[in-house]
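Below you'll find the structure, written out as structure tokens, and then a few comments.
The values are calculated or read from the model by the stated rules, or taken from the named source; none is laboratory data. All figures in this text were calculated on a predicted structure; none of them were measured in a lab. FYI the Cβ positions are ideal-geometry reconstructions off the backbone, even for glycines, and counts take in every protein chain you see. Ligands, DNA and RNA are excluded from the accessible area calculation, which covers all protein heavy atoms including side chains. Shrake-Rupley method; radii C 1.70, N 1.55, O 1.52, S 1.80 Å.
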Amino acid sequence: NFYDVAVKIARHQNMDKEGLVDIFRQFGDHLYAKGDHSGAIDQYEKTIGSLEPSYVIRKFLDTQKIHNLTAYLQALHRKGSATEDHTTLLLNCYTKLKDSANLDAFIMTKDREIDFDVDIAISVCRKAGYLKHALSLAEKHAKHDLYLKIQIDDQKDYQEALKYIRT
């Protein structure tokens, strides 16, 4: 269980990436078994791109571990390894945690590349009752039909819908 030493030796011996990933996975499994979920996530993040994300996600689907799952999903997105399903899961985590700050930071940032499917993000926000976020995304990404559906079906704001159509 001297994983830190194993990693140092592996790096010193110029072990290939797959060998290092296997050590990080084993280290993460060890920490997870000991109950150190944050430490396990730190190790699993080092396996992104090599280890199948579902291996990690399945371990952390329990509601008590939602913060750890959220951290892993954020890392997947930062490293460009996230799929639409990962995005949906991350947005659902934010909405379940009622984490408006991170939800805002993830979907409403103006200065960065979009690393998620906008339609899925709008749908998740809409279903979770985050209509302001859904409207903002729809307007920002010219999803006119979705914007109008939210205004008319969800908010019953017909005046705003007409105003939007005029623009």
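Net length available on complete extension from Tyr158 to Ser54 is 33.1 nm, with 0.36 nm assigned per residue and the Cα-Cα distance removed. Over the chain, dividing the summed -39,500 (n - 2.57) contributions of all DSSP H runs of at least 4 residues by the number of residues returns a 222 nm mean residue ellipticity of -20500 deg cm²/dmol.
What you get for segment 18-69, charging only the Cβ of Lys and Arg (+1) and of Asp and Glu (-1), is a dipole of about 140 debye around the Cα centre. Taking the alpha carbon gyration tensor of segment 1-72, multiplying each eigenvalue by 5 and rooting it gives semi-axes of 23, 13, 8 Å, largest first. Solvent-accessible surface of protein heavy atoms, probed at 1.4 angstrom with all chains present, puts Met108, Met15 in the order Met15, Met108, largest first. Once the convex hull of all Cα atoms in segment 36-104 is built, its volume per residue stands at 83 Å³. Computed from phi, the 3J(HN,Hα) profile of segment 132-147 under the Karplus parametrisation 6.51, -1.76, 1.60 (θ = phi - 60°) reads 4, 5, 4, 4, 4, 5, 4, 5, 4, 9, 6, 9, 4, 5, 5, 4 Hz, with x in place of Gly and Pro.
In this label model, Lys98 and Leu131 are separated by 1.9 nm, measuring between points 7 Å along each Cα→Cβ vector.
Within the set of other residues whose C-beta is less than 12 Å from the C-beta of Ala138, count the net charge using Lys and Arg as +1 and Asp and Glu as -1. Numbers along the way, then the final one.
Working: positive: Arg126, Lys132, Lys140, Lys143, Lys149; negative: Asp119, Glu139, Asp145, Asp154.
Taking every other residue near Ala138 into account, the sum is +1.
Considering only Cα-Cα distances, which of the following residue pairs are longer than 31 Å: Lys59/Lys132; Lys96/Lys140; Lys46/Lys140; Lys17/Lys65; Lys17/Lys127; Lys127/Lys163? Result: Lys59/Lys132; Lys46/Lys140; Lys17/Lys127 exceed 31 Å. Ranked from largest to smallest solvent-accessible area, with a 1.4 Å probe on the protein heavy atoms, His86, His12 come out as His12, His86.
Determine how many Å³ per residue the convex hull of the Cα atoms of segment 31-164 encloses.
Working: hull volume 14.1 nm³, N = 134.
Hull volume normalised by residue count: 105 Å³.
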